[in-house]
Amino acid sequence: MEELVKLDYEYNALEPYIDEATMRIHHSKHHQAYVDKYNAAVKGTALEGLGVEEVLKSLNNVPDNVKHAVINNGGGVWNHNLFWKLLKKDTAMPEELKKAIEDSFGSFEKFKEEFTNASLTQFGSGWAWLVKDGNQLKVVKTSNQDTPISQGLKPILALDVWEHAYYLKYQNRRPEYVENFFNVVNWDEVLRLFKE
Ligand code: MN
């Protein structure tokens, strides 16, 4: 069973890049709905006592009759738990992280270009990710609420590109949302996850 996590900041903390109304609805309605549906799916099963992360890392152990609900709603729970932690205004890029990004992509600009491209080419709902795969950093994208942790990857940066994440402010302008996302990345948290 999972609970809706509390945010470390107010709904208006990311203005003007991510607006207060979007944050409120995204967290209190969309994220809450994933929590509720996930809990309903695992209730009464052997998964009930496990954390959602453990469940998502071992989808082979999830009974077929709830697998679809667990992937969609458990993924929705876990992905958003991570996403909220990755948002903060005015953090600087730590030297150690910059070096790791340059080692894997050649330059920060190249990484940003690849991450932006993944965000814009994800057709329909999904996520763009920066993940650790062994010692390498890679950009990947997933559909719906599929999560890289189910593929043995460790996400250290995530961008929600579902329309519910940006439509109130940006409507069809996903590129503007993605560009502005780079103003609210919590690079300290990215580094912490990278070193974890
Ligand atoms: Mn979302």
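Annotations
- Residue check for Leu4: in contact with a strand residue (DSSP E or B) (Cβ under 7 Å, 6 or more places away or on another chain), modelled with pLDDT of 95 or more, in a loop (DSSP other than H, G, I, E, B) and surrounded by 16 or more Cβ atoms within 10 Å (Cβ to Cβ): no
- Matching residues, the stretch 39-75, being under 17 Å from Pro155 (Cβ atoms) and part of a helix (DSSP H, G or I): Val52, Glu53, Glu54, Val55, Leu56, Lys57, Leu59, Ile71, Gly74, Gly75
- Selection status of Ser119, among the hydroxyl-bearing types (Ser, Thr, Tyr), crowded, with 18+ Cβ neighbours inside 10 Å, at negative phi and touching a helix residue (DSSP H, G or I) at 6+ places or on another chain (Cβ under 8 Å): yes
- If the condition is being buried (at least 17 other Cβ atoms within 10 Å of the Cβ), under 11 Å from Val42 (Cβ atoms) and among the hydrophobic types (A, V, I, L, M, F, W, C), then the stretch 61-84 contributes Val62, Val66, Val70, Val77.
- Lone qualifier among Val66, Val52 - being touching a Gly at 6+ places or on another chain (Cβ under 6 Å) and among the β-branched types (Val, Ile, Thr): Val52
- Inter-residue pairs, beta-carbon under 8 Å, first under 18 Å from Lys138 (Cβ atoms) and in the stretch 182-196, second among the small types (Gly, Ala, Ser) and not in a loop (DSSP other than H, G, I, E, B), 6+ apart: Phe194/Ala100
- Residues that are surrounded by fewer than 17 Cβ atoms within 10 Å (Cβ to Cβ) and part of a helix (DSSP H, G or I), drawn from the stretch 85-95: Glu95
- Hits in the stretch 126-177 - residues which are part of a loop (DSSP other than H, G, I, E, B), over 17 Å from Val190 (Cβ atoms) and more than 16 Å from the ligand (Cβ to nearest atom): Gly134, Gly152, Gln171, Asn172, Arg173
- Scope the stretch 34-56; condition hydrophobic (A, V, I, L, M, F, W, C) and surrounded by 14 or more Cβ atoms within 10 Å (Cβ to Cβ); matching residues: Val35, Ala41, Val42, Leu47, Leu50, Val52, Val55, Leu56
- The lone exception for Lys98 - which of (1) surrounded by 14 or more Cβ atoms within 10 Å (Cβ to Cβ); (2) within 16 Å of the ligand (Cβ to nearest atom) it fails: (2)
- Condition met for Asn61 (modelled with pLDDT of 95 or more, of a type in the set (S, T, N, Q) and either closer than 22 Å to Ser125 by Cα or out of contact with any strand residue (DSSP E or B) (no Cβ under 6 Å at 6 or more places or on another chain) (or both)): no
- For the stretch 185-196, a tally of residues being surrounded by fewer than 18 Cβ atoms within 10 Å (Cβ to Cβ) and either part of a loop (DSSP other than H, G, I, E, B) or in contact with a Phe, Trp or Tyr (Cβ under 9 Å, 6 or more places away or on another chain) (or both) returns 1.
The values are calculated or read from the model by the stated rules, or taken from the named source; none is laboratory data. Here the structure is a predicted model, which means the values were calculated and not measured. Here Cβ is always computed from backbone atoms with ideal geometry, including for glycine, and neighbour counts include all displayed protein chains.
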